[in-house]
There are 2 protein chains.
Amino acid sequence: MATVRDVAIRAGVSPITVSRVINNTGYISRTTRDKVEAAIAELGYVPNVLARSLRSKRSHTLAFVTTDITNPFFTSMARGIEDAASAAGYTVLFCNTDENAEKEDRYVQLLLQKQTDGVLLVPAKSSPRSVELLHDQDTPVVVLDRAIGSLKADVVRCDSVQGAFDLIRVLLERGHQRIAALGGPMGISTADDRIAGYERAMHAAGLSTQDLIFRGQFTEPSGFEMASAALQLTPRPTALFATNNFVAVGASRALEALGLSVPTDLSLVAFDDVPPVLAQYAFLSVVAQPAYQMGQEAVALLLARLGSEEPAPYREVILPTTLIVRGSVGLAPDVSGSAQSAGGTSGPQETPG
Amino acid sequence: MATVRDVAIRAGVSPITVSRVINNTGYISRTTRDKVEAAIAELGYVPNVLARSLRSKRSHTLAFVTTDITNPFFTSMARGIEDAASAAGYTVLFCNTDENAEKEDRYVQLLLQKQTDGVLLVPAKSSPRSVELLHDQDTPVVVLDRAIGSLKADVVRCDSVQGAFDLIRVLLERGHQRIAALGGPMGISTADDRIAGYERAMHAAGLSTQDLIFRGQFTEPSGFEMASAALQLTPRPTALFATNNFVAVGASRALEALGLSVPTDLSLVAFDDVPPVLAQYAFLSVVAQPAYQMGQEAVALLLARLGSEEPAPYREVILPTTLIVRGSVGLAPDVSGSAQSAGGTSGPQETPG
DNA sequence: TTGTAAGCGTTATCAC
DNA sequence: GTGATAACGCTTACAA
């Protein structure tokens with residue numbers, strides 16, 4: 001592989017002159033520039049940016065560390081990140097941690113070694129050691145989706161408390177009183193906040209949440225388990241609140257397994273929308289988060305921090321969620337006699353006598 | 001930031017000794033190792049792998065260049081790639097080309113400059129200049145999903161001809177004769193092959209494909225347009241074949257816009273399954289491709305090539321597809337009088353004696 | 001078992 | 001306008 005030296009010899013100039021041509025730096029005469037460019041073309045020279053990075057201490061590489069790129073929410077976020085990063089001349093490494101803090105730490109260690117300029121992190125824990133690690137090595141971080149204890153990073157997220165509150169209100173307005181919440185892991189802000197929003201809405205309506213709160217993982221199997229447990233309760237809840245998209249899918253499976261249909265037998269609401277492509281088939285009522293914009297915003301914050309040497313104060317950007325009511329919510333059984341099927345996209349159903 | 005030199009001074013040894021400790025290379029006495037490790041811990045030393053890469057000519061970085069990570073098919077593939085790469089100590093850069101060959105070339109140029117060890121490419125064209133670029137710089141490529149003209153790369157893909165053939169057979173067996181195909185761009189092997197499989201099945205059944213073949217993009221809007229056009233035909237087709245998942249979504253929208261329901265009014269089949277999480281809601285009959293395994297297999301091929309200096313012959317790995325028949329196919333109108341609703345969501349029924 | 005010297009490919013600094 | 005020199009942080013080759 002040709003190097004600056006090879007190009008320099010071929011063009012009859014010095015290596016530094018070649019460098020100047022490549023980077024459009026300093027003054028170069030028309031003729032030397034032409035000679036150099038000809039040599040570059042002839043040799044098929046490709047600059048080695050590793051060497052450049054070693055000198056300049058800028059790798060022009062960011063990293064997106066998330067729990068699972070397969071989650072459509074994070075896929076959209078990834079795309080937002082990549083588009084924004086690419087537009088600014090950065091490439092993006094991607095890392096899946098599967099909600100495993102050790103895996104996260106190992107990745108961060110590796111990214112540090114790779115001289116990654118900045119990291120976009122969806123932390124697996126509320127007080128991530130990884131943020132400290134990065135901070136100690138002067139690598140800026142933007143934390144995505146979740147709030148954390150540390151104050152050493154910018155944060156881009158949505159208001160999970162409000163989102164959950166809105167969603168529960170939809171159910172309350174339709175007469176539901178016995179609503180079970182299927183929550184994520186303790187200590188993850190989105191999981192905690194969504195339960196908090198649920199409680200706030202319930203309590204504001206003077207309702208008890210006793211025995212109605214389940215906590216598990218943000219996964220499909222966990223959603224299945226929690227929903228199965230919730231449906232054993234007597235009296236049975238008339239509505240379920242799934243705190244993320246995977247949990248919602250698990251809950252749907254549990255309902256199906258028991259031969260219960262939505263919204264006839266039960267209503268179901270969830271956090272996170274289905275992927276954009278499938279919006280067509282969407283049936284679930286949800287609070288949607290602007291994943292793509294979150295990614296873009298996070299990159300903007302990161303680049304701003306990379307751009308200036310001054311240590312600006314850390315910012316928390318909270319983006320609005322969107323409430324989308326679809327066919328998965330119906331009237332609660334006890335009030336459905338008085339008014340028919342409000343809010344459901346699908347047609348009215350039989351009132352039980 | 002501390003360097004090997006700093007660590008060496010602190011531990012009272014030479015830089016190379018530090019290097020040996022870090023890399024577990026050569027013989028080191030117990031005591032020096034302890035001294036060095038202590039110094040590393042005290043200084044919070046993080047090795048700079050950029051410098052290492054400059055010397056060793058191995059960046060331990062791969063790149064996944066795809067059309068759109070947002071397509072669930074490629075998302076699964078990405079996850080397969082990341083898992084396999086990570087297990088082997090490699091990180092992965094991701095790049096979206098949006099089926100744009102120029103964007104692809106720009107990315108490849110950048111990856112070359114970054115000394116990427118190998119590239120996993122979903123090419124935007126059948127004769128990608130990018131593969132030549134990479135080949136010329138001795139960077140191995142594995143082409144994913146699509147066949148290409150060039151013979152300078154390993155290929156991992158599925159048999160689109162056979163897959164389409166299988167799918168059309170499902171329709172033919174249910175009496176459909178007027179089946180329209182909604183195809184992708186000319187010159188992309190998967191697009192061409194799926195149309196070829198369709199034609200083969202139709203012709204084998206003695207049916208004409210005249211006016212029934214539409215070509216557009218692998219996008220939702222294009223699917224909408226093609227389906228809308230197909231539904232204008234007289235007599236109207238009794239079934240539609242969407243050649244990828246996005247096209248299928250567009251086609252569904254077109255059907256809905258015209259007030260046609262599936263499978264009552266029309267049957268619909270497609271290439272590519274819905275994302276795993278949503279399999280629950282799946283209604284479409286599809287040929288599914290093992291995206292995750294394709295990603296893993298591709299990484300295996302790439303690493304094998306990186307591992308040995310001998311130029312092994314290029315391989316083409318063709319993975320099997322899976323036919324999944326769901327509720328979106330029904331009997332063709334003209335035969336539905338004789339037997340009701342075969343092949344619906346409910347399982348197989350008794351063979352008529 | 002440990003150290004010396006040199007170089008990977010690039011660019012900052014200073015000189016002409 | 002252009003060039004010589006050194007340095008970024010690390011490791012290969014060769015000594016000791």
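The values are calculated or read from the model by the stated rules, or taken from the named source; none is laboratory data. Model, not experiment: these values are computed from the prediction. Cβ: placed from backbone, ideal geometry, glycine included. Neighbour counts: every protein chain shown.
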Legend entry - Single match in A:ALA227, A:ALA204, A:ALA180, A:ALA242 (criterion: over 30 Å from A:LEU133 (Cβ atoms) and surrounded by fewer than 23 Cβ atoms within 10 Å (Cβ to Cβ)): A:ALA204
Legend entry - Residue check, A:TYR107 touching a Leu at 6+ places or on another chain (Cβ under 6 Å), at negative phi and buried (at least 20 other Cβ atoms within 10 Å of the Cβ): no
Inset, instruction - Look at the range B:27-52 and say how many of its residues are more than 9 Å from DNA strand D (Cβ to nearest atom) and within 14 Å of chain A (Cβ to nearest Cβ). - result: 5
Legend entry - Members of the range A:123-139 found to be assigned to a loop (DSSP other than H, G, I, E, B) and surrounded by fewer than 23 Cβ atoms within 10 Å (Cβ to Cβ), listed by number: A:LYS125, A:SER126, A:SER127, A:GLN137, A:ASP138, A:THR139
Inset, instruction - Could you please find all residues in the range B:308-343 being under 18 Å from B:ILE179 (Cα atoms), hydroxyl-bearing (Ser, Thr, Tyr) and modelled with pLDDT of 75 or more? - result: B:SER328
Inset, instruction - Collect the residues in the range A:198-237 that are among the small types (Gly, Ala, Ser), part of a loop (DSSP other than H, G, I, E, B) and over 28 Å from the mean Cα position of the chain (by Cα), keeping them in residue-number order. - result: A:ALA205, A:GLY206, A:SER208
Legend entry - Candidate set from the range A:3-14 (those that are near DNA strand C (Cβ under 9 Å from one of its atoms) and either touching a Gly at 6+ places or on another chain (Cβ under 7 Å) or of a type in the set (A, V, I, L, M, F, W, C) (or both)); member that is nearest to B:GLN115 (Cα to Cα): A:VAL4
Legend entry - Checking A:LEU260 against (1) more than 9 Å from chain B (Cβ to nearest Cβ); (2) crowded, with 24+ Cβ neighbours inside 10 Å; (3) out of contact with any strand residue (DSSP E or B) (no Cβ under 8 Å at 6 or more places or on another chain); (4) of a type in the set (A, V, I, L, M, F, W, C), the condition it does not meet: (2)
Inset, instruction - Exactly one condition in (1) among the small types (Gly, Ala, Ser); (2) away from chain A (no Cβ under 14 Å); (3) in a loop (DSSP other than H, G, I, E, B); (4) crowded, with 18+ Cβ neighbours inside 10 Å is not met by B:SER59; state its number. - result: (2)
Legend entry - Residue ID - nearest to DNA strand C (Cβ to nearest atom), chosen from residues in the range B:29-59 that are without any contact (Cβ under 8 Å) to a residue 60 or more places away in the chain and in contact with a Ser or Thr (Cβ under 7 Å, 6 or more places away or on another chain): B:THR32
Inset, instruction - Just need a number here: residues in the range A:263-304 that are on the phi < 0 side of the Ramachandran plot, within 14 Å of chain B (Cβ to nearest Cβ) and in a loop (DSSP other than H, G, I, E, B). - result: 6
Legend entry - Condition check for A:THR17: in contact with a Ser or Thr (Cβ under 8 Å, 6 or more places away or on another chain), over 17 Å from B:GLN113 (Cβ atoms) and away from DNA strand C (no atom under 11 Å from the Cβ): no
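Residue by residue, here is whether (1) within 12 Å of DNA strand D (Cβ to nearest atom); (2) among the polar types (S, T, N, Q); (3) at pLDDT below 95 holds:
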site	(1), (2), (3)
A:ALA8	yes, no, yes
A:THR17	yes, yes, yes
A:THR25	yes, yes, yes
A:THR70	no, yes, yes
A:SER76	no, yes, no
A:ASP83	no, no, no
A:CYS95	no, no, no
A:ASP105	no, no, no
Inset, instruction - For residues that are under 19 Å from A:LEU303 (Cβ atoms) and out of contact with any Leu (no Cβ under 8 Å at 6 or more places or on another chain), scanning just the range A:132-144, find the one that is farthest from the other protein chains (Cβ to nearest Cβ). - result: A:HIS135
Legend entry - Breaking point among (1) of a type in the set (D, E, K, R); (2) over 23 Å from A:SER160 (Cβ atoms); (3) within 12 Å of another protein chain (Cβ to nearest Cβ), for A:GLU220: (2)
